[in-house]
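Novice: Provided herewith is a single structure, encoded as structure tokens, for subsequent inquiry.
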């Protein structure tokens with residue numbers, strides 16, 4: 001048990017990939033877990049644990065832009081710890097710039113203000129490597145933020161707000177800037193799940209270009225970073241990169257999945273191409289998280305992929321039909 005045991009923990013974005021894994025992790029730690037979701041959210045990732053979530057039948061369906069209802073809910077819960085993972089704009093079809101700004105920045109501001117009134121032990125804002133923009137070396141928390149899309153702009157603004165309010169008002173607000181998490185319950189259309197599902201269904205995996213680079217980090221390592229924040233005092237205003245510390249070409253990752261799956265096939269790729277603002281370097285400098293939190297990823301790319309393949313083998317039934325589960 002960690003210091004999460006016995007705490008009231010509120011998780012936003014609980015029906016998403018990272019949020020759903022956080023729900024499961026925090027339940028195992030012995031916390032009293034609450035979630036707030038949008039009315040239209042599909043709860044397929046957490047259907048089997050809804051009965052363990054406090055007051056899950058209560059009307060905690062809310063848009064973070066609804067300040068009055070949000071305040072009433074926070075007053076009722078009075079959480080000790082808030083894991084804020086709700087976001088919009090990270091998927092290819094989410095292009096509405098106004099909604100991106102409202103959800104990621106205004107929603108974050110509203111949530112902090114509602115929680116601030118009743119006090120809390122820890123508020124964790126979930127940031128994104130998209131905040132950095134294009135860099136030529138491993139990204140460090142002190143780098144100039146130069147986002148190149150609406151999503152990165154909104155996430156960087158939310159992080160800057162969290163830093164400012166934490167330092168100005170002495171609040172325990174921390175940002176984890178995630179790179180490219182993968183693992184259980186990830187969206188089927190993303191790179192790693194799509195290749196795994198193709199192999200398990202004995203179909204040829206397809207990707208657009210093998211030369212794109214990302215810093216992939218296994219979800220269990222991400223969860224470990226969230227948990228460690230509750231054990232280290234006086235972190236208000238800090239930002240931590242959470243990645244593997246090593247970039248990989250997506251073609252190499254896909255071929256590793258094929259090998260680990262045992263399916264004898266070849267990867268099908270599109271024509272070599274360069275997308276607008278596609279980086280040649282996408283790698284986290286994770287030395288700050290190691291120095292201050294004592295956090296380092298425990299899973300190599302190969303070990304994390306092997307664990308992910310095993311999970312998909314056991315749970316392939318929840319990715320029904322063609323696997324396009326949302």
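Novice: Given (1) surrounded by 14 or more Cβ atoms within 10 Å (Cβ to Cβ); (2) without any contact (Cβ under 8 Å) to a residue 60 or more places away in the chain; (3) in contact with a helix residue (DSSP H, G or I) (Cβ under 9 Å, 6 or more places away or on another chain), where does residue 286 come up short, assuming only one miss?
Specialist: For residue 286, the exception is condition (3).
Novice: Please specify each residue of segment 162-216 satisfying the condition of being part of a helix (DSSP H, G or I) and within 24 Å of residue 277 (Cα to Cα).
Specialist: 191, 192, 194
Novice: So for segment 164-187 (the condition being more than 20 Å from residue 116 (Cα to Cα), touching a residue at least 40 places away in the same chain (Cβ under 8 Å) and surrounded by fewer than 20 Cβ atoms within 10 Å (Cβ to Cβ)), does at least one residue qualify?
Specialist: Yes, segment 164-187 contains a residue that is more than 20 Å from residue 116 (Cα to Cα), touching a residue at least 40 places away in the same chain (Cβ under 8 Å) and surrounded by fewer than 20 Cβ atoms within 10 Å (Cβ to Cβ).
Novice: Go through 48, 42 for me and flag whichever is assigned by TED's automatic domain parsing to the domain that holds residue 224, at pLDDT 90 or above, under 20 Å from the mean Cα position of the chain (by Cα) and surrounded by fewer than 14 Cβ atoms within 10 Å (Cβ to Cβ).
Specialist: None of the other options fit; the residue is 42.
Novice: Based on this model, can you work out whether residue 142 counts as out of contact with any helix residue (DSSP H, G or I) (no Cβ under 6 Å at 6 or more places or on another chain) and free of Cβ contacts under 8 Å to residues at least 24 places away in the same chain?
Specialist: Taking the combined requirement at face value, the residue satisfies it.
Novice: Taking segment 68-91 only, how many residues are surrounded by fewer than 16 Cβ atoms within 10 Å (Cβ to Cβ) and more than 16 Å from the chain's Cα centre (by Cα)?
Specialist: 5
Novice: If a residue must be touching a helix residue (DSSP H, G or I) at 6+ places or on another chain (Cβ under 8 Å) and assigned to a loop (DSSP other than H, G, I, E, B), how many such residues does segment 218-233 contain?
Specialist: Of the residues in that region, 1 qualify.
The values are calculated or read from the model by the stated rules, or taken from the named source; none is laboratory data. Just so it is clear, the model here is predicted, and its values are computed rather than measured. For neighbour counting, all protein chains shown are included, and Cβ atoms are generated from backbone atoms with ideal geometry for every residue, glycine included.
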